[in-house]
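Here's the structure we're looking at; comments come further down.
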Amino acid sequence: MEKEWMAKKNQKKWIVLGLLLLIIGGVFLYFTNQENEPVPVVSAELLPGLRDASDIEIAERAQEIADANYFTLQIAPTAIFEDGESEGSIEIVNPGSNVYPIAVDLFLADSEEVIYSSGSIHPNQQIVGAKLDKSLDKGEYQAVARINIYDPETNERQGITEAEISITINN
């Protein structure tokens, strides 16, 4: 029993010693790294054509890549129609800052029935009014706008996002 107790005591000493060495090593690495000049890390996407580029040229290229991967959308949270057959105030904007064309499908939240499809909306284009593809009776409806995002070169869908929208039919 005493040997077992001594073995556990020695094991604890080794664990404490190991942790102490890890802490000392970490502190040493931290302070050693502080003395060195930071080395800029450049993504492989930036390298073609930028082998001897300045920091400013690399930063500009990095911004171009970031802009190409950034997507914004403007969509009005409400759409109002005089009646189920007339053109109403659907507002969808694909800002010029985007590089991706989009297509929007509007469907009723409770039935998922598609009531409007925009077709292609390219960057810097907008829809400020449209007629529903399916006539609705007077009332208020909760709907979902499903925004399909497409690659401008291959026309393959790259992603989907959704936004809630309220539709009002006055008569």
Loop-resident sites, region 67-127, for chymotrypsin sites (Phe, Trp or Tyr not before Pro), counting at most 16 other Cβ within 10 Å (DSSP): Tyr70
Measuring from the lowest to the highest alpha carbon on each principal axis, how far does region 66-106 reach, largest first, in angstroms? 43, 15, 14
In nm, to one decimal, how far is the modelled label at Ile160 from the one at Val99, with both set 7 Å along Cα→Cβ? 2.5 nm
I'd like the FRET efficiency for Ile56 and Ser89, computed as 1/(1 + (r/R0)^6) with the beta carbon distance as r and R0 of 35 Å, rounded to 0.05. 0.20
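Coordinate-derived values only; no laboratory data. These figures come from a predicted structure and were not determined experimentally. As a convention, Cβ positions derive from the backbone with ideal geometry for all residues, glycine included, and neighbour counts pool all protein chains shown.
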